[in-house]
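Below you'll find the structure, written out as structure tokens, and then a few comments.
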Amino acid sequence: MSQGVIRKALSGFYYVDDGRTVTTCRARGKHRHAGVSPLVGDRVRFTPLEDGSGALDEILPRKNEFYRPAVANIDLLVVVASQAVPVTDPFLIDRVAAIAAARGVETLICVNKCDLEPGEDLARIYEGAGFPTLRVSAQTGEGLEALRRCLAGKVCAFTGNSGVGKSSILNALEANFDLATGEISDKLGRGRHTTRHVELFHLSCGALAADTPGFSSFDVDKMELARKEELQYAFREFAPYLGTCRFQDCAHVKEKGCAVLAAVRAGEIAPSRHQSYVRLYEQARAIPDWQRKDM
């Protein structure tokens with residue numbers, strides 16, 4: 001039996017890298033019966049077969065998992081955004097960052113296309129919230145060296161709404177990459193999906209990076225989220241104010257004596273971040289515990 005990492009999953013086949021070669025594997029039936037689906041990034045054990053393929057025997061314990069994007073064992077989630085076309089709604093960033101926080105994964109905010117629109121307003125929001133934040137341009141190379149340093153030695157996933165340039169950034173980071181990139185729809189002001197599956201790529205800085213399919217506002221509403229009581233901890237800039245509200249069970253939505261709301265009024269917390277929190281809180285409150293997947 002051999003051991004490796006799933007680099008790509010496509011149409012029921014899993015491409016497992018054992019450090020020497022990549023073996024195309026099929027999962028054994030026991031995984032389907034157990035309701036466990038292998039994910040890109042999974043560390044697995046597999047049995048090489050005589051025809052050169054393999055049988056995936058065991059998924060080793062995960063340190064984290066995501067289903068949008070469908071990856072596991074991630075060290076860093078890179079949320080790519082833009083203030084050029086297509087303009088990223090901050091709520092999309094905040095939802096993904098909250099999900100990453102619930103799984104104990106660091107989030108890097110990467111504002112792309114700064115050659116077209118500097119993106120300073122968007123970057124300022126997330127720098128103020130305590131996120132590592134970079135402004136980059138896949139076209140001019142601005143900020144890419146700093147991005148390489150952030151990625152070095154880590155397993156990373158690039159995610160973000162369609163058209164913001166995830167594949168373009170990876171192509172710019174590695175001269176030998178030729179990932180498909182899409183045009184922006186003039187009519188709708190949004191990108192076309194070009195990445196159809198998740199795949200991990202080796203980068204020269206020692207990182208493994210996943211390019212993932214883009215998502216829309218509709219898609220992001222399907223992503224798993226923390227329970228409403230836990231959501232406050234996913235907004236890192238709330239931390240200094242938690243436990244100082246007038247009421248112990250304060251929801252930080254509209255309560256009197258709320259320290260978080262006072263911080264918003266004082267300019268210590270960006271209004272867009274609190275608006276996203278309220279929107280996510282209402283969504284989380286609407287989901288009964290029995291309906292949730294295990295986080």
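Computed from the coordinates by the stated procedures, all read-outs in this text should not be read as laboratory data. None of these values were measured; they are calculated from a predicted model. Neighbour counts run over all protein chains shown; Cβ positions are idealised from the backbone, glycine included.
Some notes on this structure:
- Of all DSSP beta bridges in the range 1-85, antiparallel share, percent nearest 5: 85
- Between Asp89 and Tyr67, the C-beta separation translates, for a Förster distance of 25 Å, into a calculated FRET efficiency of about 0.75.
- Entries of Lys63/Lys113; Lys63/Lys154; Lys113/Lys228; Lys8/Lys113; Lys8/Lys228; Lys154/Lys228 with Cα pairs more than 23 Å apart: Lys63/Lys113; Lys113/Lys228; Lys8/Lys113; Lys8/Lys228; Lys154/Lys228
- Relative to the longest principal axis of the Cα atoms of the chain, helix 90-102 runs at roughly 70 degrees.
- Spacing of the modelled spin labels on Arg236 and Asp115, each 7 Å from Cα toward Cβ, amounts to 2.9 nm.
- Its Cα gyration tensor gives the range 1-73 an equivalent ellipsoid, and the semi-axes of that ellipsoid, as √(5λ) in whole Å with the largest first, are 18, 13, 11.
- Figure legend: label point modelled 7 angstrom from the Cα of Arg279 along Cα→Cβ; residues of the range 138-179 with amide N under 18 Å from it are 160-164.
- Working from Cα pairs under 8 Å separated by at least six residues, relative contact order for the chain is 15 percent.
- The chain: C-alpha gyration tensor shape, a/c 1.5 cut-off, then a/b vs b/c: oblate
- Proximal charge balance of Ala262 [Cβ under 14 Å; K/R count +1, D/E count -1]: +1
- Ellipsoid equivalent to the range 74-147 - semi-axes via the Cα gyration tensor, in Å: 20, 14, 10
- Rounded to the nearest 5, the antiparallel percentage of DSSP beta bridges internal to the chain is 55%.
- Cβ-based net charge around Arg7, under 14 Å, with every Lys or Arg adding one and every Asp or Glu removing one: -2
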